[in-house]
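A.B. asks: The structure is given below, and queries will be raised subsequently.
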Amino acid sequence: MAQPDFEEIVDTFEFLEDWEDRYRHVIDMGKEMPEMPEALKVPATKVEGCASQVWLHASDAGGQLRFQGDSDAMIVKGLIAVLLALYNGLTPAQAQAVDARAELERLNLTDHLSSQRSNGLRAMVERIQETAASRAA
């Protein structure tokens with residue numbers, strides 16, 4: 001049930017065989033993300049459990065979730081971009097149904113991230129899932 005933007009990332013990763021190229025692509029995705037307004041970088045949007053500073057803000061656009069995010073680490077900002085491609089535009093119920101672990105395994109990310117980065121990615125997914133659950137209720 002992956003979003004078209006996420007499928008595009010999967011296709012790009014299949015084309016980029018070398019992990020270093022994939023890593024650079026993730027970083028470039030983070031650089032291309034729209035800036036998150038400083039006013040949204042508050043304790044309520046900060047994601048705990050990440051080694052770097054991470055913020056995720058959710059809004060609702062016509063029943064669909066829209067996330068914005070930012071980090072002080074470029075690779076993490078890229079990981080946020082990957083998650084936004086996976087979740088943006090879904091209804092809360094659809095977002096809850098996403099098997100993020102399975103979708104992210106299609107990118108082989110967990111094999112190439114440090115344990116701290118993997119834990120941070122897991123924390124971001126948990127935040128997104130919690131947000132979806134609270135909006136679905």
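A.B. asks: Working only within segment 26-42, note down all residues that are without any contact (Cβ under 8 Å) to a residue 24 or more places away in the chain and assigned to a helix (DSSP H, G or I).
C.D. replies: The answer is E38, A39.
A.B. asks: Being closer than 18 Å to K41 by Cα, of a type outside the set (D, E, K, R) and part of a helix (DSSP H, G or I), is that true of even one residue in segment 91-98? If you could, list the steps in order and put the result at the bottom.
C.D. replies: Here is the first cut: in segment 91-98, the residues closer than 18 Å to K41 by Cα are none.
Within segment 91-98, none of the residues are closer than 18 Å to K41 by Cα, of a type outside the set (D, E, K, R) and part of a helix (DSSP H, G or I).
A.B. asks: Hey, another quick one. Which is exposed (fewer than 13 other Cβ atoms within 10 Å of the Cβ) and either touching a strand residue (DSSP E or B) at 6+ places or on another chain (Cβ under 8 Å) or modelled with pLDDT under 90 (or both), of A102, A137?
C.D. replies: Details: A102 fails: either touching a strand residue (DSSP E or B) at 6+ places or on another chain (Cβ under 8 Å) or modelled with pLDDT under 90 (or both).
Exactly one of A102, A137 is exposed (fewer than 13 other Cβ atoms within 10 Å of the Cβ) and either touching a strand residue (DSSP E or B) at 6+ places or on another chain (Cβ under 8 Å) or modelled with pLDDT under 90 (or both), namely A137.
A.B. asks: Which residue is surrounded by the most Cβ atoms within 10 Å (Cβ to Cβ), if the candidates are limited to segment 45-60 and must be in contact with a Phe, Trp or Tyr (Cβ under 9 Å, 6 or more places away or on another chain) and β-branched (V, I, T)?
C.D. replies: Going through segment 45-60, the residues in contact with a Phe, Trp or Tyr (Cβ under 9 Å, 6 or more places away or on another chain) turn out to be 45-47, 56-59.
Now restrict to residues that are β-branched (V, I, T): 45, 47.
On the way: T45: 17, V47: 21.
The selected residue is V47.
A.B. asks: Select from segment 5-15 the residues that are surrounded by 14 or more Cβ atoms within 10 Å (Cβ to Cβ), free of Cβ contacts under 8 Å to residues at least 40 places away in the same chain and of a type outside the set (D, E, K, R) and list them in ascending order.
C.D. replies: Across segment 5-15, the qualifying residue is only T12.
A.B. asks: Criterion first (within 18 Å of M29 (Cα to Cα) and either among the hydroxyl-bearing types (S, T, Y) or part of a loop (DSSP other than H, G, I, E, B) (or both)) does L107 satisfy it?
C.D. replies: Numbers: within 18 Å of M29 (Cα to Cα): yes; either among the hydroxyl-bearing types (S, T, Y) or part of a loop (DSSP other than H, G, I, E, B) (or both): yes.
Taking the combined requirement at face value, the residue satisfies it.
A.B. asks: Run L65 past the list (1) in a helix (DSSP H, G or I); (2) crowded, with 16+ Cβ neighbours inside 10 Å and report the number of the one that doesn't hold.
C.D. replies: (1)
The values are calculated or read from the model by the stated rules, or taken from the named source; none is laboratory data. Predicted, not measured: the structure shown is a model, and the values here were computed from it. Don't worry about glycine lacking a Cβ; one is built from the backbone with ideal geometry, like all the others, and counts go over all protein chains shown.
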